[in-house]
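The block underneath contains the structure these notes are about, expressed in structure tokens.
What follows is calculated from the coordinates using simple rules that are stated; it is not laboratory data. Values in this document were obtained by computation on a predicted structure and should not be read as measured data. Counting neighbours? That spans all protein chains shown, and the Cβs are built from the backbone with ideal geometry, glycine included.
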Amino acid sequence: MTSRFAVLTVRPAGKQSLAAAQEAGGGRNRWDGVLPTRILLVEWPDGQDAPPDYWISNLPATTPVADLVRWAKMRWRIEHDYRELKHGLGLDHFEGRTWRGWHHHVTLVTAAQAFLALRQLDPKVLTPA
């Protein structure tokens, strides 16, 4: 997967941003009226007419672009793992009615996922052809 990324410094606009800034500034007396700057990460793959993805961050402006991209794309990995838990390991197959039963089921599914993750990281494990 490859793409082009741009990093811009922006000031968010809108009622929610304004209210959040006023609240963080301690009310009207201590707030100077200027919203804090944020980092905007833009993904624009080759061959596309417009950027498909944007992320806004409150990380420091000195954060390396590679780190911003890695953290933005981490969502894909989390969604992939959740899909694997549901479909591959049966996280969504629980049909019981008790907290203890649900907790037991989720614990076993999580243990199975941890086992598979460790096997994928082990260089000595032979993979099927």
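Numbers for the structure displayed
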| read-out | value |
| --- | --- |
| For the chain, the longest site-free run once trypsin sites (Lys or Arg not before Pro) in DSSP loop states with at most 14 other Cβ atoms within 10 Å are removed | 31-96 |
| Potential lengthening between L121 and A61 on full extension [0.36 nm per residue; Cα-Cα distance subtracted] | 18.2 nm |
| Extended-chain gain in nm, criterion 0.36 nm per residue less alpha-carbon gap, Q113 and V42 | 22.3 nm |
| Gyration tensor verdict on the range 48-129 (Cα atoms; rounded if a/c is under 1.5, prolate if a/b is larger than b/c, oblate otherwise) | prolate |
| Neighbour-limited loop hits for GluC sites (Glu not before Pro), the range 73-107 (at most 14 other Cβ within 10 Å; DSSP other than H, G, I, E, B) | E95 |
| Least to most buried among D53, D67 (fewest other Cβ within 10 Å first) | D67, D53 |
| Separation of the F94 and L18 label points, Cα + 7 Å toward Cβ, nm | 4.5 |
